[in-house]
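What follows draws every value from the coordinates through simple rules; no lab data is involved. Just so we're clear, the structure is a prediction, and the values are computed from it rather than from any experiment. Here the Cβ positions follow ideal geometry from the backbone for every residue, glycine too, while neighbour counts run over all protein chains shown.
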């Protein structure tokens, strides 16, 4: 893919805007990049690696895939793909997915699996002496999380683009926070990223998928709705909320 293709420029501009606004990366940072095997985390890793060749800020990247432990996983293929592109991926073998789908946790397996996988990323970062963890959440994810938290947690909240944890010892950054999922999809297609089959039994029935489908219905009816929802999270009028 030509480095300066039209879709590269779109994704790069949105990512640069988020990086700059939230001052996500500083010179000398060590960053654990959490890979999931999907287009979002692949785009994140590719873009963070590419930026090193043309910006004055130097940082170190370590890509980590936390394998949830399902049968028919793709960790070997994932590692092989990135090795062919000059990046070694550290694979953490776990049973987090299987554990989250156990009989004692049928109501929300995705929440537990996600929490356990993120915990492992913190552990890897601590082992390496790194302070930052980059995740591939994008603009659509942030909007969807707002609705998921309202529907299922009874609170108005979402993911922050730059979020400290453990009294600031670690910071989770989301450089794709301003990037549209459709643009990531176009970039991934042009870059010919592999498409792995997600072996998770909840992949096609998750709460997030249901919220995504609901929102897409609104987006199709009015192209301004997504932008308005995203702006609304920056423009909260607390005088008109219940207290």
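Here is how the numbers come out for the structure above:
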read-out: The chain - Kirkwood radius from inverse mean 1/r over Cα pairs (Å); value: 19.0
read-out: Value of D in µm² per second that Stokes-Einstein yields for the stretch 1-73, Kirkwood Rh from Cα pairs, at 4 °C (1.567 mPa s); value: 94
read-out: Ordering of 229-237, 59-67, 175-183 by packing [mean C-beta count within 10 Å, highest first]; value: 175-183, 59-67, 229-237
read-out: The stretch 69-146 versus the stretch 1-67: alpha-carbon centroid distance in Å; value: 18
read-out: For the stretch 40-85: rounded, prolate or oblate by the Cα gyration tensor [a/c cutoff 1.5]; value: prolate
read-out: The stretch 154-234: proportion of alpha-carbon pairs further apart than 15 angstrom, %; value: 76
read-out: Taking all pairs of distinct alpha-carbon atoms in the stretch 68-190, Kirkwood radius in angstrom; value: 16.7
read-out: Highest-fluctuation residue, 147, 42, 187 considered, GNM on the chain with Cα pairs under 10 Å; value: 147
read-out: For the stretch 6-240, share of DSSP beta bridges that run antiparallel, in % to the nearest 5; value: 20
read-out: For the stretch 6-240: relative contact order, % (alpha-carbon pairs under 8 angstrom, 6 or more apart); value: 25
read-out: Stretchable slack from residue 118 to residue 207, in nm (0.36 nm times residue separation minus alpha-carbon distance); value: 30.1 nm
read-out: Cα-projected label distance for residue 71 with residue 189, points at 7 Å along beta-carbon direction, nm; value: 3.4
read-out: Paramagnetic reach from residue 94 (point 7 Å along Cα→Cβ, amide N under 15 Å) across the stretch 127-159; value: 127, 133-136
